[in-house]
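Bear in mind that the values in this text are calculations on the coordinates, not laboratory data. All of these numbers come straight from a predicted model, not from anything done at the bench. Here the Cβ positions follow ideal geometry from the backbone for every residue, glycine too, while neighbour counts run over all protein chains shown.
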Amino acid sequence: MTESQVTVFNSGYDTVVRGGRVIDPANRIDAVCDVAIRNGVIAAVGPDLDATGAKIIDAAGLVVTPGLIDTHAHVYEHVSGDFGLNPDLVGVRSGVTTVVDQGGPSALTFDGFRKYIVEAADTRVLAFVSAYLAGGLLGHRYVDLYGPTGINVAAIVKTAEENADLVRGIKAHAEPGGYSRWGMASLKLAKEASREVKLPVYVHLGTLWPELEGTEVDAIKIIDEVVPLLDPGDILAHPFTKFPSGFVATDGSIHPLVREALARGVRIDVGRGAHFSATNARRVLDAGIMPFTLGADLHGYNIRIGDGGRAYRGMFSDGADSLIADDERASPFSRPYSLQHAMTELLALGVGLPEVVRMATSNAAVMIGFEAEMGALSIGMPADLSVMRLIDGDWTLIDSEQVKFPAHTIVHPEFSLRAGKQYLADSPLLPEFAAMAA
Ligand SMILES: [Zn+2]
């Protein structure tokens, strides 16, 4: 036999993910088809592909999407204290192929992030570098590290330029505690660096630090000063926060400047976190304001790890720890959730599945400027796939204010493929969906 005859008996694919409902928003695909992989990249997408000689992964009855991208993760494990989670436990082993650390590594600690997190993980790990020299140590607990004197614009620029393969933006905050101390000074410096390196800032909204004693901040007005500083592509995070310092005022109204920000090309990331309010989410969505990306914002203080969780307490006696009250140890801060759970919540609030998939795939890729290499099932792209089961039923979801709301579909991770290699969704951090049964 000649070589060409041999190839007749072999499709040439290494792996074929067979018969799933493929939702690939960037390529306008929503159909039952196969995804073929060769040498770790996407080789073909279509119905009834020839899989001769290839490993077949059965996806019948499952949803197959481009690898999910979690735009808001905290994975600087061992350096950011209990705050940083293992990248593979929130990544490939949770059905997520790429995670973007939001502000864990800084100019002072970026080399360690590359060597001990990025290079050690099977998950693809990227970062928005912290605006602050300290980085996200212990989830930003020591507030005095995060003022303008702890920011060095030249150091951010140098780190971003030297690590352009990993640094996709800059993480900053605009919330009452920081505002009471320094106004917008920290965000202004972060924007100075962002403009120089032409990368977006990701702006955390919603109470993080206690306000300086003796000051009184009108929380809803913070956005007044944030929006004029932003450029197209910058990101406002936590639109659904329960705190009255985000998009929604205590009277339930949406801040008028949010629309102006959207019109100027500013993007919204859900950054689900432990402050997710279904009530505020409904208000924002009812106002016609749609997030661009999802972001789970999982970290060691809002998710249970092993024996009862590691919710941080005990080191502070000055009130800084009050954001996590003792009686909330079990709930809601340690109520397990996941990126797919954040997808489930959006479905329950009326957003369609293809749109939710778009947020966690192609839109996320655009947000980090990597749409040419991820977020789609295009031929030649790394074979990053997420495979999920939609479980229909009468479910009850609970938000951080103990508000219950019904869901009829749960998005449950089954497995992921990262560069063609399969990982089961067996992370101990994933929630037990059975607990949501009504
Ligand atoms: Zn976060």
_Tell me which GluC sites (Glu not before Pro) from the range 182-290 have a DSSP coil assignment and no more than 12 other beta carbons within 10 Å of their own._
Glu213, Glu216
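If you average the sequence gap of Cα pairs under 8 Å that are 6 or more apart and divide by the length of the chain, what percent do you get for the contact order?
Computed value for the chain: 19 percent relative contact order.
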_Using Cα springs under 10 Å in a Gaussian network model of the chain, which residue among Gly91, Gly295, Gly20 shows the largest mean-square fluctuation?_
Gly20
_Nearby lysines by direct alpha-carbon distance to Lys421 (threshold 27 angstrom, same-chain neighbours under 8 apart not counted)_ = Lys55, Lys115
*Could you state the number of Å between the C-alpha centres of the range 343-377 and the range 88-147?*
22
_Shape of the range 336-438, Cα gyration tensor, a/c cut at 1.5_ = prolate
*Any chance you could check the Cα centroid distance between the range 386-404 and the range 6-52 for me, in angstrom?*
31
*Express the relative contact order of the range 203-314 as a whole percentage, based on alpha carbon pairs under 8 Å and six or more residues apart in sequence.*
25
*Helical segments meeting 24 Å axial Cα length and Kyte-Doolittle 0.0 threshold in the chain (DSSP H)*: none
_Need the list of lysines near Lys191 for cross-linking: C-alpha distance under 22 angstrom, and skip anything on the same chain fewer than eight residues off._
Lys158, Lys171, Lys221
*Amide proton proximity set for Ile42, modelled H, under 5 Å, gap of 5+*: Gly380, Met381, Ala383
*Point-to-point label distance, Phe405-Ser253, nm (Cα→Cβ direction, 7 Å offset)*: 2.2
*Considering only the other residues whose Cβ falls under 11 Å of the Cβ of Val157, what net charge follows from Lys and Arg at +1 and Asp and Glu at -1?*
-1
_Inter-label distance, nm, simple model (7 Å from Cα along the C-beta direction), Lys158/Asp50_ = 5.7
*Excluding residues on the same chain fewer than 8 positions from Lys404, give the aspartates and glutamates whose Cα lies under 13 Å from its Cα.*
Glu345, Asp394
*Could you run the Debye sum over the Cα atoms of the chain, one equal point scatterer each and no solvent, and tell me log10 of I(q)/I(0) at q = 0.12, 0.14 Å⁻¹, two decimals?*
-0.95, -1.30
